[in-house]
1. How large is the charge dipole for the chain, taken about the Cα centre, if only the Cβ atoms of Lys, Arg (+1) and Asp, Glu (-1) carry charge, to the nearest 20 debye?
2. Counting only protein heavy atoms and a 1.4 Å probe, tell me what percentage of the chain's accessible area is made up of carbon and sulfur.
3. Residue separation times 0.36 nm, minus the C-alpha to C-alpha distance between Phe22 and Leu60: what's the value?
4. Multiplying the sequence separation of Ser79 and Leu38 by 0.36 nm and subtracting their Cα-Cα distance, what value in nm do you get?
5. So, for the chain, what is the accessible surface per residue at a probe of 1.4 Å, expressed in square angstrom?
6. What's the extension gain from Val67 to Ile31 if we count 0.36 nm per residue and subtract their Cα-Cα distance?
7. Just to be sure I understand the model, the point goes 7 Å from the Cα along the line to the Cβ. What's the resulting Asn4 to Ser51 distance in nm?
8. Residue farthest toward the positive end of the dipole of region 15-82, with Cβ of Lys/Arg at +1 and Asp/Glu at -1: which of Val56, Val19, Leu41?
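The values are calculated or read from the model by the stated rules, or taken from the named source; none is laboratory data. Computed from a predicted structure; not experimentally measured. Neighbour counts are summed over all protein chains in view; Cβ atoms, including those assigned to glycine, are modelled from backbone coordinates with ideal geometry. Accessible surface areas use protein heavy atoms only, side chains included; no ligands, DNA or RNA. Shrake-Rupley method; radii C 1.70, N 1.55, O 1.52, S 1.80 Å.
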Amino acid sequence: MSGNICLASLLMAGAYVAVGMFWSSTTRDQIVAMLLSLVSLWLLYYMGEPSFLEAVAGALPSVAVDVLSAVSPYRYFDSISR
């Protein structure tokens, strides 16, 4: 069981590093890259939380809610850690 959590954490860390490297390659300033990485990763993670998905389910079509859930690493980390 703990092996799955370690694997999930390693994969999630790799995805976070990839996002950070993307922002680092598109900006000249390291601080701007860090802030953009933190904001974009927080938004991606928050979009997958069930409370957020329930809140936007009434305002968005079900396809859009499914896309938000699929883009977020929250669902995948939760699935692997079980």
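1. Values: 3 positive and 5 negative charges, 36 e Å.
Its charge dipole is roughly 180 debye.
2. Working: 4050 of 5770 Å².
Within the chain, the accessible surface is 70 percent carbon and sulfur.
3. Numbers: separation 38, 0.36 × 38 = 13.68 nm, distance 2.90 nm.
10.8 nm is the gain from fully extending Phe22 to Leu60.
4. Working: separation 41, 0.36 × 41 = 14.76 nm, distance 2.30 nm.
Here the segment from Ser79 to Leu38 would lengthen by 12.5 nm.
5. Numbers: 5770 Å² over 82 residues.
That works out to 70 Å² for each residue.
6. On the way: separation 36, 0.36 × 36 = 12.96 nm, distance 3.01 nm.
Here the segment from Val67 to Ile31 would lengthen by 10.0 nm.
7. Label-label distance for Asn4 and Ser51, simple model: 2.5 nm.
8. Result: Val19, furthest along the dipole toward the positive end.
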